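For reference, the structure discussed in these notes is given below.
The values are calculated or read from the model by the stated rules, or taken from the named source; none is laboratory data. Remember, predicted model here, so these are calculated numbers, not experimental data. Here Cβ is always computed from backbone atoms with ideal geometry, including for glycine, and neighbour counts include all displayed protein chains.
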Amino acid sequence: MDAIRVRGGTPLQGRIPIAGAKNACLALMPATLLTEEPLTLTNAPRLSDIRTMGLLLESLGAEVAALQDGRVLALASHTPTEPRADYEIVRRMRASVLVLGPLLARLGRAEVSLPGGCAIGARPVDLHQMAMERLGAELELRDGYLHARAPRGLRGAVVEFPVVSVGATENTLMAATLARGTTVIRNAAREPEIVDLAQCLRAMGARIEGEGTSEITIEGVHHLHGATHRVVPDRIELGTYMLAPAIAGGEVECLGGRLDLVAAFAEKLADAGVEVSETADGLSVRRTGDRVRAVDVQTAPFPGFPTDLQAQMMALMTTAEGTSQLEERIFENRFMHAPELGRMGARIDVQGGVATVTGVDRLKGAPVMATDLRASVSLILAALAAEGETVVRRVYHLDRGYERLEEKLGACGADIERIRE
């Protein structure tokens, strides 16, 4: 099994290209099920989750080809032959549930296994189910599958979510494009990935207004056509690499980075003593002092501080001056990285949804184990500043969301390598 070995203490200097957004691409790919014409996605990230979604779409009868070293995805769903998203594929990745809306809209039926993904807390599909029922579908949970039918097609409706859900907003957005009449999504997610999906669907002929706000309006159309769309930069990868020089020292330019994607996160970095400046090619990041200052963080839906950057921010706070509190308000089980950081000398006290971090002068390298995707990269970031050698095991989590991380950090001077154990 692969592991990542890091020898810490080296300041970083260089440029890191930011890939297309994993979470955006995973929502864009199922949009191919809405049309018989080709859909081409450029700036696609080369990740195991993207390959898994490709396998799922192929199992549904779609054609998927990765071109230009995987940077371009050519998708086509001329005639979907199978409305069943099988457990053996869906269990690997929660985003698999995003085929539900497109299958119902195009075929009038779908069978989707309950999804898997990182073990970071309960993430039920009840909001997806509620939304499809509001659009006129009949759903039944049976034998671990959502069985959905809309034999007379979907119809427009008002879908108001009790809590913000990115996935449920995406599923509803796709389903509503082919529904009869007007659909209004209230308390919609506002994430850049939602905006990106809406822009792609609009390029395919959908009639959508209001993406990026809490209310989205969709006028259903009879059919969608093909399109070419460029995937938005990955704001979570961007934030992760912005933290690298903040933790290790030095200066890194994140190529393709956009401040509007990480505004709340960048504000916290500024409060901690990290300078973020816009360049012609992206964002440049450097720490202004020997150590950063402790800051408090509360995760929230966009445009708030992203839950997917909480673990990485905790890694930064482990060596900050002072004591910080990180409050996790999205998922209830997302501090599993805290004990592993503790093995490296971090002082972290977790009480319910709040982690109190008291900064130490220096972390010590240690063998640690990744528990989920973002936890894995938080351990690597901590290792960049730790004294001695750190080996991060179970990095198969890492490959779900970070493209060639060891190469990108290594190009900036980090002493990092992938090893087989």
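Scanning for something acidic (Asp, Glu), outside the structural domain of Cys254 (by TED's automatic domain parsing), touching a helix residue (DSSP H, G or I) at 6+ places or on another chain (Cβ under 9 Å) and touching a residue at least 24 places away in the same chain (Cβ under 8 Å), does region 61-73 turn up at least one residue? No, every residue in region 61-73 fails to be acidic (Asp, Glu), outside the structural domain of Cys254 (by TED's automatic domain parsing), touching a helix residue (DSSP H, G or I) at 6+ places or on another chain (Cβ under 9 Å) and touching a residue at least 24 places away in the same chain (Cβ under 8 Å).
If the requirement is being touching a His at 6+ places or on another chain (Cβ under 8 Å), buried (at least 17 other Cβ atoms within 10 Å of the Cβ) and assigned to a helix (DSSP H, G or I), which of these qualifies: Leu33, Leu56, Leu28?
It is Leu28.
Per the listing Glu340, Glu327, the residue uniquely farther than 20 Å from Arg258 by Cα and either more than 23 Å from the chain's Cα centre (by Cα) or crowded, with 19+ Cβ neighbours inside 10 Å (or both) is Glu340.
When Val64 is tested against (1) touching an Asp or Glu at 6+ places or on another chain (Cβ under 6 Å); (2) outside any loop (DSSP other than H, G, I, E, B); (3) surrounded by fewer than 18 Cβ atoms within 10 Å (Cβ to Cβ), only condition (3) is not met.
Yes/no matrix, rows are residues, columns are (1) buried (at least 24 other Cβ atoms within 10 Å of the Cβ); (2) assigned by TED's automatic domain parsing to the domain that holds Val297; (3) among the small types (Gly, Ala, Ser):
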residue	(1), (2), (3)
Asp349	no, yes, no
Val354	no, yes, no
Gly365	no, yes, yes
Val368	yes, yes, no
Val391	no, yes, no
Arg394	no, yes, no
Glu407	no, yes, no
Ala411	no, yes, yes
Ile416	no, yes, no
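Considering only residues of region 271-312 that are in contact (Cβ under 8 Å) with a residue 60 or more places away in the chain and of a type in the set (S, T, N, Q), which is nearest to Ala248 (Cα to Cα)? Ranking the candidates gives Gln312 first.
Residue by residue through region 126-185, note down the ones that are buried (at least 24 other Cβ atoms within 10 Å of the Cβ) and in a helix (DSSP H, G or I). If the condition is that a residue be buried (at least 24 other Cβ atoms within 10 Å of the Cβ) and in a helix (DSSP H, G or I), then His128, Ala131, Met132, Ala168, Thr169, Glu170, Asn171, Thr172, Leu173, Met174, Ala175, Ala176 are the ones that fit.
Each row is one residue, and each column tells you yes or no for (1) modelled with pLDDT under 90; (2) not aliphatic (A, V, I, L, M).
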{"position": "Gly116", "(1), (2)": "yes, yes"}
{"position": "Val125", "(1), (2)": "yes, no"}
{"position": "His147", "(1), (2)": "no, yes"}
{"position": "Gly153", "(1), (2)": "no, yes"}
{"position": "Ser165", "(1), (2)": "no, yes"}
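Taking every residue in region 151-175 that is closer than 17 Å to Ala300 by Cα and pairing it with any residue that is outside any loop (DSSP other than H, G, I, E, B), at least 6 positions away or on another chain, the pairs with Cβ-Cβ distances below 6 Å are Phe161/Leu127; Ser165/Leu127; Ala168/Leu127; Ala168/His128; Ala168/Ala131; Thr169/Ile194. Picking from residues in region 323-377 that are acidic (Asp, Glu) and modelled with pLDDT under 95, the one that is nearest to Leu398 (Cα to Cα) is Asp372. Could you figure out which of (1) in contact with a helix residue (DSSP H, G or I) (Cβ under 7 Å, 6 or more places away or on another chain); (2) buried (at least 24 other Cβ atoms within 10 Å of the Cβ); (3) closer than 22 Å to Val195 by Cα isn't true of Gly20? Among (1) in contact with a helix residue (DSSP H, G or I) (Cβ under 7 Å, 6 or more places away or on another chain); (2) buried (at least 24 other Cβ atoms within 10 Å of the Cβ); (3) closer than 22 Å to Val195 by Cα, Gly20 violates only (1).
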